Amino acid sequence: MSFQAYLDNIEKKTGKTPDDFKKLAEAKGFLANGVLVPKVKATEIVDWLKTDFELGHGHAMAIFAAFKGKTE
């Protein structure tokens, strides 16, 4: 599955785009000014996405990758 396919599936399931997740992550303190806070671990973000949005591990990691700047 391509990276974009992961993002498309996430949007279909949650109704949220990567930008929407970035805003939510900022509110939770995971991002500051659109950049990952250095002390935040991938596990914290993945656990949040799994719990609050019922994403699988691969889909949660795709959102984490988007937070790190991955676009493809």
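The values are calculated or read from the model by the stated rules, or taken from the named source; none is laboratory data. This is a predicted model, so every value here is computed, not measured. Glycine also receives a Cβ, built like all others from the backbone with ideal geometry; neighbour counts cover every protein chain displayed.
A compact table of results
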read-out: Filter pass, Ala5 being modelled with pLDDT under 95, among the small types (Gly, Ala, Ser) and in a helix (DSSP H, G or I); value: yes
read-out: Within region 8-20, considering residues that are in contact (Cβ under 8 Å) with a residue 24 or more places away in the chain and either among the hydrophobic types (A, V, I, L, M, F, W, C) or not in a helix (DSSP H, G or I) (or both), the one farthest from Ala32 (Cα to Cα); value: Ile10
read-out: Any chance Thr71 is hydroxyl-bearing (Ser, Thr, Tyr), part of a loop (DSSP other than H, G, I, E, B) and surrounded by fewer than 11 Cβ atoms within 10 Å (Cβ to Cβ); value: yes
read-out: Any hit, region 51-64, residues being outside any helix (DSSP H, G or I), buried (at least 17 other Cβ atoms within 10 Å of the Cβ) and either in contact with a Leu (Cβ under 6 Å, 6 or more places away or on another chain) or in contact (Cβ under 8 Å) with a residue 40 or more places away in the chain (or both); value: yes
read-out: Which numbered condition Lys28 fails, given (1) free of Cβ contacts under 8 Å to residues at least 12 places away in the same chain; (2) surrounded by fewer than 15 Cβ atoms within 10 Å (Cβ to Cβ); (3) charged (D, E, K, R); value: (1)
read-out: Failed criterion for Val35 (all others in (1) surrounded by 13 or more Cβ atoms within 10 Å (Cβ to Cβ); (2) closer than 14 Å to Gly69 by Cα; (3) of a type in the set (A, V, I, L, M) hold); value: (1)
